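Structure, as structure tokens:
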Amino acid sequence: TIAYDVISLPSQGIYYPNKKKTIKVAYLTAADENILASPSLITNNLVVEELLKRKVIDKDISVDDLVEEDRRAILFFLRNTAFGTEYNITTEDPKTGESFTTTIDLSSVKIKDFTLEADPNGEYKFYLQMSKMDLTFNFLTKKQEDEIKKIEESWNGNGVAPIITKQLEYMIKSIGGIKDQMQIRNFIEK
């Protein structure tokens, strides 16, 4: 039997088709230390991905489909339960430029209540004052963020990479009731 806990998702499950508000997450083990110390995972920036894939034991929500605030809540849980809530950091005083060490109590970090209300499709309404248009949107998933990152990394330097417009294309689901992606793309471009 795997030791786990049930974590409340800050998103309250509104992004996911099953509307699940909690997720089962296994505790970190000594074997997971190998992931945290793996040079290849660190170099390729894959430590968090590998940890989430191993520790999220609910399979009805894909780790790639988790939104950022839910991913962070899971990471806080893993950090707090494995290493304690005290987190020592060295930072710089912006006024003096001098370095100092301080301790942050991670248990004091509170999840901010999510006050937007989504429609049954998990979309949010927003009014564009300048354009006088209603739109609906949802937040980016990790999978979408990764796709945007690939665009940025592969851009050949001719002109400006379309990072912001691609983010908006992924996020905006309708403008003035229109759901056609080509029309949405044209609106974003203009």
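In table form, for the structure just shown:
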item	result
Every residue from the stretch 114-141 that is over 11 Å from K173 (Cβ atoms), of a type in the set (V, I, T) and without any contact (Cβ under 8 Å) to a residue 60 or more places away in the chain	T115
Residues of the stretch 32-54 satisfying the condition of being more than 16 Å from the chain's Cα centre (by Cα) and among the charged types (D, E, K, R)	D32, E33, R54
Spans of helices (runs of 4 or more DSSP H) in the stretch 36-86 with at least 3 residues in contact with a helix residue (DSSP H, G or I) (Cβ under 7 Å, 6 or more places away or on another chain) and of a type outside the set (V, I, T)	47-55, 68-83
Of all residues making up the stretch 3-15, the number that are within 20 Å of the chain's Cα centre (by Cα) and either surrounded by fewer than 17 Cβ atoms within 10 Å (Cβ to Cβ) or without any contact (Cβ under 8 Å) to a residue 40 or more places away in the chain (or both)	4
Selected residue (criterion: surrounded by the fewest Cβ atoms within 10 Å (Cβ to Cβ)) from residues of the stretch 149-187 that are within 25 Å of the chain's Cα centre (by Cα) and touching a residue at least 24 places away in the same chain (Cβ under 8 Å)	T165
Meets criteria (surrounded by 12 or more Cβ atoms within 10 Å (Cβ to Cβ) and part of a loop (DSSP other than H, G, I, E, B)) for G122	yes
Top-ranked residue in the stretch 1-25 [being outside any strand (DSSP E or B) and among the β-branched types (V, I, T); ranked as nearest to E49 (Cα to Cα)]	I2
Test for E68: is it within 26 Å of Y4 (Cβ to Cβ), open to solvent by less than 70 Å² (accessible area, probe 1.4 Å) and acidic (D, E)	yes
Scope the stretch 152-190; condition closer than 23 Å to E69 by Cβ and in a helix (DSSP H, G or I); matching residues	E152, I163, I164, K166, Q167, L168, E169, Y170, M171
Test: N138 is at pLDDT below 90, open to solvent by less than 70 Å² (accessible area, probe 1.4 Å) and within 17 Å of the chain's Cα centre (by Cα)	yes
Qualifying position, being modelled with pLDDT of 90 or more and either of a type in the set (D, E, K, R) or exposed (fewer than 10 other Cβ atoms within 10 Å of the Cβ) (or both), among S99, S108	S99
Test result for I23, modelled with pLDDT under 90, open to solvent by less than 50 Å² (accessible area, probe 1.4 Å) and closer than 20 Å to I2 by Cα	no
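Table: residues versus (1) of a type outside the set (D, E, K, R); (2) over 23 Å from E147 (Cβ atoms); (3) open to solvent by less than 30 Å² (accessible area, probe 1.4 Å); (4) in contact with a strand residue (DSSP E or B) (Cβ under 6 Å, 6 or more places away or on another chain).
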site: T1; (1), (2), (3), (4): yes, yes, no, no
site: P17; (1), (2), (3), (4): yes, no, no, no
site: I35; (1), (2), (3), (4): yes, yes, yes, no
site: R72; (1), (2), (3), (4): no, no, no, no
site: L78; (1), (2), (3), (4): yes, yes, yes, no
site: T103; (1), (2), (3), (4): yes, yes, no, yes
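The values are calculated or read from the model by the stated rules, or taken from the named source; none is laboratory data. Computed from a predicted model, the values in this text were never measured in an experiment. Methodologically, a virtual Cβ is constructed for each residue, glycine included, from the backbone with ideal geometry; neighbour enumeration extends over all protein chains shown. We work out accessible area using only protein heavy atoms, side chains counted, and drop any ligands, DNA or RNA first. Shrake-Rupley method; radii C 1.70, N 1.55, O 1.52, S 1.80 Å.
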